[in-house]
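Colleague: Input: one structure, supplied below.
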Amino acid sequence: MLNSNLLRKLDMQDLMVFVAVYEQNSVTAVSETLGVSQSTVSYSLKKLRTGFKDDLFINTRSGMRPTYKATTMHEHVLKILEGINFCHSGAQAFDPTLKAVTFNICASEYFELLVLPRLLRNFDFANLPVIVNVQKLDTALPVDELREGSLDLVICFGHDFQHSHTDFKSRRLVEDELVYVFDKRATPLESRPSLRSIAEHRHVLPPHRTFDTHRVDHKRQLIARSNSYRAALKMITGTDFILTLPRRIQTLLANDAVFSHCEAPNGLPGFTLDMQWSEANDQDSANTWLREQVVKACGEQGLL
């Protein structure tokens, strides 16, 4: 933040004028160097003097002489201009049109169903030669692969589910909550049943075990554990079994003509889908581009 509202009226040209006057000691020379009129240089000096509450330069027979404050400012103003130039040029941006590239991502089925299709469509629409290899996410993060660089990203459930590592960067992508899904022909459940009521039913567990081990009452009667959300829905069709699903997956896959659902019991918290990458890849242009594309795909679908 700025210490004075007067400083908000300054622009890059004013700072360039300051440096040029400091180094050339002449309004005429600065006008020629910057390709602006002398009146423009004078106006910039007026804004600078007002903003910094100092004369900054004294007009003498030998030229414009900096005041003590101008002398102390010079190095800092140079750094500001250097910083602006760096922001403009920066590191070489990744250009996926130059050659084919393959990204390796470790992710859950949740990501494959909700985010990956839009991500691939975006690549296809832009005619980008990008390949995405997805490795199935297990209960534990593939820490070594991420650190070694054989994986570019891990898309996992939030820190409540996955142990965090200080050398990994993280970005939240999606917030979601759990619901209970059952066959429409089965005995209906209350709109928000208690955990005790839920424990009286037999259950099919979803693909990711963390939903079972961290969030769901352990006294439930387990009938099966699925490898996919679609398979789990098939398992409960025509039965009284109950399936715990993320709400966004329930909306996407559980046909209202076949399945009903109810809210999770009070006290059963939601979860997040996070993107993690190694600190070593934080400034890598290709990895940065990939992360931006994942965030864009989430944003386009209103998931952020």
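Each reported figure results from applying straightforward, stated rules to the coordinates on display, with no laboratory input. What you see is a predicted model, and the numbers here were worked out from it, not measured in a lab. All Cβ positions, even for glycine, are placed from backbone atoms using ideal geometry, and neighbour counts span all protein chains on display.
Colleague: List the chymotrypsin sites (Phe, Trp or Tyr not before Pro) within region 12-60 that fall in a DSSP loop (any state other than H, G, I, E or B) and whose Cβ has at most 13 other Cβ atoms within 10 Å.
Modeller: For chymotrypsin sites (Phe, Trp or Tyr not before Pro) across region 12-60 that sit outside H, G, I, E and B with at most 13 neighbouring Cβ atoms in 10 Å, the list is empty.
Colleague: Something else: Can you give the convex hull volume per residue for the Cα atoms of the chain, as a whole number of Å³?
Modeller: 204
Colleague: If you place +1 on the Cβ of every Lys and Arg and -1 on the Cβ of every Asp and Glu, how big does the dipole about the Cα centre of region 126-200 come out, in debye to the nearest 20?
Modeller: Approximately 280 debye in magnitude.
Colleague: If region 1-79 were replaced by its equivalent ellipsoid, with semi-axes equal to the square roots of 5 times the Cα gyration tensor eigenvalues, what would those be, largest first, whole Å?
Modeller: The answer is 19, 14, 11 Å, longest axis first.
Colleague: Here's something else I'd like to know. Could you tell me which trypsin sites (Lys or Arg not before Pro) in region 57-159 are loop residues by DSSP with no more than 10 other beta carbons within 10 angstrom of their beta carbon?
Modeller: Sites meeting the loop and neighbour criteria: Arg61, Lys99.
Colleague: Further question: Quote the relative contact order of the chain in percent (integer), defining contacts as alpha-carbon pairs under 8 Å separated by 6+ residues.
Modeller: Reported as a whole number, the value is 19 percent.
Colleague: Let me ask you something else. Under 23 Å between alpha carbons: how many lysine pairs meet that in the chain, if sequence neighbours fewer than 8 apart on the same chain are excluded?
Modeller: 18
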